[in-house]
1. Using per-residue counts of other Cβ atoms within 10 Å, averaged over each peptide, order 50-60, 125-135 from highest down.
2. Just order 274-286, 106-118, 252-264 by mean Cβ neighbour count inside 10 Å, highest at the front, would you?
3. Using 7 Å Cα-to-Cβ label points, what is the ILE319/GLN11 separation (nm, one decimal)?
4. May I ask which residue of LEU223, PRO195, PRO181 lies farthest towards the positive end of the charge dipole of region 180-267, with charges of +1 (Lys, Arg) and -1 (Asp, Glu) on Cβ and the Cα centre as origin?
5. Would you mind checking the tilt of helix 272-286 against the longest principal axis of the Cα atoms of the chain, expressed as 0 to 90 degrees and rounded to 10?
6. Taking all protein chains in place and a 1.4 Å probe, what share, in percent, of the accessible surface of region 43-163 do carbon and sulfur account for?
7. Which value in deg cm²/dmol, rounded to the nearest 500, describes the helix-derived mean residue ellipticity at 222 nm for the chain, given -39,500 (n - 2.57) per DSSP H run of n ≥ 4 and division by the residue count?
8. Of the heavy-atom accessible surface of region 243-374 (probe 1.4 angstrom), what whole percent is carbon and sulfur?
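The values are calculated or read from the model by the stated rules, or taken from the named source; none is laboratory data. Model, not experiment: these values are computed from the prediction. Reconstructed Cβ throughout: ideal geometry from the backbone, glycine too, with neighbour counts over all protein chains shown. Note: areas computed on protein heavy atoms with side chains; ligands, DNA, RNA excluded. Shrake-Rupley method; radii C 1.70, N 1.55, O 1.52, S 1.80 Å.
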Amino acid sequence: MKNEQNGLLKQASTVEFHFMCELLQREDHGESNPLEEHLTQVNWEQFIELIIHHRVYPLIYPKLQQISSKIPADVMEQLAHGVMTNTLFMMKLTAELERLLSSLEGAGIKVLTLKGPILSQELYGDLAHRTSKDLDLLVNYNDVEGALSLLEGLGYVKEYEQPYILGSWKWKDHHIPLIHPALKIQVEIHWSLNPSGAKNVPFTVLWERRSTMTLVNREVSYLGQEDLFVYLISHGARHGWFRLRWLTDIDRIIRYQKLDDLTFFMDEHEAKHYAGQAFYLCSTLLNTPLRSDMKLLAEDKISVRWAEYAFELINDGKIPHKEKLKSYLHQIKSPKRRLYMLLGRLYPGPQDAALLPLPRVLHFLYVPLRPFLWIWRRAKP
């Protein structure tokens, strides 16, 4: 396995990528300095772009501080500014999270916080060590409309309006994004952990297994340890792991948290090979020490193949083009998921309602009209 892993890492296209991975692999500051050949060959402008893209600069900066005498001063200054800006934004997110939870829970809506500040605190013990662009809040699907109404009352607006019909939003999507124009903060209201076609554990079950922490002045509920781990794996897999930040989260949990046997949770979330893919990539790129059961799954042929698919996206150092990501997702979808999505195309959706608006009492007509509307949409210039 080790030879295969080294072969995968050797496919990395740039010195900057190797240097980034080498720094992320360093568990403490007492290790030997990075290879001198890296320091002399690194294009610092490209390196900064790379670690910003991968959202790992808050982790890279303190490690570079240990060898700052060998790093250009302007590079350290730019990274210091980036870390400070991120820290201030994370503090802003935390304050807003506290405000939203107070309002939602005050209205009797149970909320599980996904990622964001709680993940920074849970995995890194410091808001400054991880980036987040938004707040992700999971509620029971029966509470979605109430949560949306409450957020809109607090100044949030939906990023886009979808004319959902026949309850399609509950299973064709898994979240609705909103943004606060004044605060410049984005919030996503989730009612499922994963998109349509994927296995989703009921909210009531997740709530019973939840963890809690005190964040600033209030108790915050979030996914239980194993549910969180498998959710982060599924989330990273469906994005092709194109940001290493997602893998550093997995690496952090494996290194520093005591996980129970994951078999039940991987089966429940239908994430076995997603997990194997993550284990392989972590071991390869971050030198993550795997338990025997994780190593066995990482060596599975499907896990290795999926890891190779993802590495093409990781190695690009940019947000994948829509078609490239679509191709990747097609490669890792199970036959069951593909069938589910194919059947889903037969069910009316927001595009049909936008193309042919009908009064609510006539929405049932969208079912027999669906094939004709599909042809009409594709025939339009």
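1. Numbers: 50-60: 21.6, 125-135: 18.1.
By packing density, highest mean first, the sequence is 50-60, 125-135.
2. Working: 274-286: 26.0, 106-118: 19.3, 252-264: 13.9.
Top of the packing list down: 274-286, 106-118, 252-264.
3. Going from the ILE319 label point to the GLN11 one covers 2.5 nm.
4. PRO181
5. Orientation of helix 272-286: about 30 degrees from the principal axis.
6. Working: 2670 of 5240 Å².
Ligands and nucleic acids excluded, carbon and sulfur reach 51 percent.
7. Taken over the chain, the calculation gives -17000 deg cm²/dmol.
8. In region 243-374, the share of accessible area belonging to carbon and sulfur is 60 percent.
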